[in-house]
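Every number in this text was worked out from the coordinates using simple rules, so none of it is lab data. None of these values were measured; they are calculated from a predicted model. No Cβ is skipped: glycine too gets one built from the backbone with ideal geometry, and neighbour counts run over all protein chains shown.
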Amino acid sequence: MGELDYILRFSGSRAFICPASFKGFDYVAMARLLRDAIPELEHVVVSGAGVDGEWNLERGIAESPRSPLRTACA
């Protein structure tokens, strides 16, 4: 996590996009720790189902009025 913390701080990142989990690793928990440690990190966007308290990538795309997915499904 130290390397990612450094990269996010050095780049001035305001958002972090990650999967909910991958190969048993909980990326949401890691992202929450990073967000608590880096005040500039304002947004955590999660790809995957079943995540509370974070912005879900797939749901956000589907619900966006300008989303190609929403247009295709309408």
Check your understanding: Taking 0.36 nm per intervening residue step and subtracting the Cα-Cα distance, what contour gain separates Ile7 from Glu42 on full extension?
Key -> 11.1 nm
Check your understanding: Nearest 0.05, what FRET efficiency do Arg32 and Ala62 give at R0 = 25 Å with Cβ-Cβ as r?
Key -> 0.55
Practice item. Determine, for Ser64, Ser21, the number of other Cβ atoms within 10 Å of each Cβ, and report the residues in order from fewest to most. Key: Ser64, Ser21
